[in-house]
Amino acid sequence: MSDIQKTISPVDGRVYVERPHATEAQIQQVLGRARSAQAQWKQVPLAERAQIVNRFVDAFVARKQKIAEEITWQMGRPLGQSPGEVRGFEERARHMVQIASEALADMDAGPREGFRRFIRREPLGVVLVLAPWNYPYLTAVNAVVPAIMAGNAVVLKHSSQTPLCAERFAECFREAGLPDGVFQYLHCGHEQVSKMIASPAIDFVCFTGSVEGGHSVQQAAAGRFIGVGLELGGKDPAYVRADANMAHAVENLVDGAFFNSGQSCCGIERIYAHEKIYDEFVDGFVKFTRQYRLGNPLDEKTNLGPMVRARAADFARGQVSEAVREGAQSLVDPSEFPADKAGTPYMAPQVLVNVNHSMGLMNEESFAPVIGIMKVRGDDEAVALMNDSDYGLTAAIWTSDPEAAIAIGDRVATGTWFMNRCDYLDPALAWTGVKNSGRGCTLSRVGYEQLTRPKSFHLRIKT
């Protein structure tokens, strides 16, 4: 008998969704269908694939309100913000469809008398996508759409917190006319996922999640020669130079730290402000933070919802308490946010100063609406502190000098370097990380490379 997967809504603590885990027989049926379907799908012309995927996106956008409400109930993001995920989904999907013909085009090796030589991008086969709950559609679309466009079949295993997202993918692909078996989903447990990765039915794994989860995926794949793409989060820093536009820096960085209750892989988790503007910046940051309204995410006035579960909020509260015991100063009184209650997912935003890198708050991923701000003397100290981390997903600088931004960015170990913005994925740019933020790449033309293999054609025309 299958286990029952229960999704507890952070909105009110009730069971929002229940789904049985797939049986071993059902998993094998899904994998078998995927392999059979992929053999036919890779023969479908790219232009036809693009038409189907664009219809899939149309179907998805048409369900915008329903999808937004489900996101809010499953993981707690305010209803006024959830539709933004649909917009981002469409932007990324349309872009990856648009660039597919160029990204997947044959690469001519150049003229050579009597020969024709080129490299073709071949689909890998069946791609297993393991998606998280925090941006349930945005993280999944990064892999699902280009994998299918490249001629692969996809099996999606979504987080147990957001199972309806996998079902909406399937619903929209059916409406778009995608052949049966090219996209499927499974609700299953970690042990079942490990068995799938170890089986010969899977040719590539795209995983977004924790470092611990990434190690588990690598371990499961260790006995096989398959690729694994890992996007594992971060402790993303920001540096506010003395020449920054202060109002813009404050507004952007408060949003970058607290949007989605801080539950963003590329959210800002630590800030370094130049000593010349440090006091002004901290004052502005705290004032802007106090404008947030923590509460029921279904209320249109709420712009800060609950964290995904009480356990996550309690972990972040523990980080704050520990930092204060070690000398940090908390600048926001939780009592200013009446909805904040210990032991619940509802957590007030928190700003701390007098912090340093010996504190867990500044070196461990918080994934919560908390931020530490440090004073620095200049660029060199800021670079050293930004690089003093086990992570390297994104980093950002606020300055009026683009050339300085580029020069400083060259010195920072990160996958994406921002100037005067943060917490955003441009689908035209490679999404990648260094150190414990993972390996591999999604989005952009480069994103197609890990979902295909090169195949060389070396033809002697004259004999």
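The values are calculated or read from the model by the stated rules, or taken from the named source; none is laboratory data. Everything numeric in this text was worked out from a predicted model, so none of it was measured. Note that we place each Cβ from the backbone using ideal geometry, even for glycine, and neighbour counts take in every protein chain shown.
Checked against the criteria, residue 77 counts as touching a Ser or Thr at 6+ places or on another chain (Cβ under 8 Å) and under 28 Å from residue 190 (Cβ atoms). Taking the range 416-453 as the range and being of a type in the set (Lys, Arg), farther than 13 Å from residue 230 by Cα and either crowded, with 21+ Cβ neighbours inside 10 Å or free of Cβ contacts under 8 Å to residues at least 60 places away in the same chain (or both) as the test, no residue passes. Counting only helices (runs of 4 or more DSSP H) that sit completely within the range 1-76, those holding 1 or more residues that are among the small types (Gly, Ala, Ser) and surrounded by fewer than 16 Cβ atoms within 10 Å (Cβ to Cβ) correspond to 24-41, 46-62. Among the residues of the range 339-357, those identified as surrounded by fewer than 16 Cβ atoms within 10 Å (Cβ to Cβ) and either more than 16 Å from residue 369 (Cβ to Cβ) or free of Cβ contacts under 8 Å to residues at least 12 places away in the same chain (or both) are 341, 343, 356, 357.
It is to be established whether one or more residues within the range 39-54 are small (Gly, Ala, Ser), outside the structural domain of residue 299 (by TED's automatic domain parsing) and touching a residue at least 60 places away in the same chain (Cβ under 8 Å). Write out each step before concluding.
Here is the first cut: in the range 39-54, the residues small (Gly, Ala, Ser) are 39, 47, 50.
Subsequent filtering for residues that are outside the structural domain of residue 299 (by TED's automatic domain parsing) retains 39, 47, 50.
Within this subset, residues satisfying the condition of being touching a residue at least 60 places away in the same chain (Cβ under 8 Å) are 50.
Yes, that holds for at least one residue.
When the range 385-414 is filtered for residues that are among the aliphatic types (A, V, I, L, M) and surrounded by 14 or more Cβ atoms within 10 Å (Cβ to Cβ), the ones remaining, listed by number, are 385, 386, 393, 395, 396, 397, 404, 405, 408, 412, 413.
Annotation note: of 403, 449, the sole residue that is in the same structural domain as residue 204 (by TED's automatic domain parsing) and of a type in the set (Asp, Glu) is 449. Scanning the range 101-120 for residues that are closer than 15 Å to residue 452 by Cα and either in contact with a Phe, Trp or Tyr (Cβ under 7 Å, 6 or more places away or on another chain) or not assigned by TED's automatic domain parsing to the domain that holds residue 443 (or both) gives 103, 104, 106, 107, 120. Taken together, 431, 417 contain a single residue that is more than 14 Å from residue 237 (Cβ to Cβ) and in contact with a Gly (Cβ under 9 Å, 6 or more places away or on another chain), which is 431.
Every residue, every condition in (1) closer than 25 Å to residue 432 by Cβ; (2) crowded, with 24+ Cβ neighbours inside 10 Å; (3) in contact with an Asp or Glu (Cβ under 7 Å, 6 or more places away or on another chain), yes or no:
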residue: 147; (1), (2), (3): yes, yes, no
residue: 165; (1), (2), (3): yes, yes, no
residue: 168; (1), (2), (3): no, no, no
residue: 172; (1), (2), (3): no, no, no
residue: 180; (1), (2), (3): no, no, no
residue: 203; (1), (2), (3): yes, no, no
residue: 223; (1), (2), (3): no, no, no
residue: 231; (1), (2), (3): yes, yes, no
residue: 236; (1), (2), (3): yes, yes, yes
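Give me the residue from the range 309-328 that is in contact with a strand residue (DSSP E or B) (Cβ under 8 Å, 6 or more places away or on another chain) and assigned to a loop (DSSP other than H, G, I, E, B) and, out of that set, farthest from residue 358 (Cα to Cα). Result: 309.
Quick grid of which residues meet (1) in the same structural domain as residue 12 (by TED's automatic domain parsing); (2) at pLDDT below 95; (3) within 24 Å of residue 134 (Cα to Cα):
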{"position": "276", "(1), (2), (3)": "no, no, no"}
{"position": "283", "(1), (2), (3)": "no, no, no"}
{"position": "297", "(1), (2), (3)": "no, no, yes"}
{"position": "300", "(1), (2), (3)": "no, yes, yes"}
{"position": "323", "(1), (2), (3)": "no, no, no"}
{"position": "344", "(1), (2), (3)": "no, no, yes"}
{"position": "361", "(1), (2), (3)": "no, no, yes"}
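Can you confirm whether the range 284-300 contains a residue that is surrounded by 15 or more Cβ atoms within 10 Å (Cβ to Cβ), without any contact (Cβ under 8 Å) to a residue 24 or more places away in the chain and of a type outside the set (Asp, Glu)? No, every residue in the range 284-300 fails to be surrounded by 15 or more Cβ atoms within 10 Å (Cβ to Cβ), without any contact (Cβ under 8 Å) to a residue 24 or more places away in the chain and of a type outside the set (Asp, Glu). For the range 311-332, residues that are crowded, with 19+ Cβ neighbours inside 10 Å, out of contact with any Phe, Trp or Tyr (no Cβ under 9 Å at 6 or more places or on another chain) and among the aliphatic types (A, V, I, L, M) total 4.
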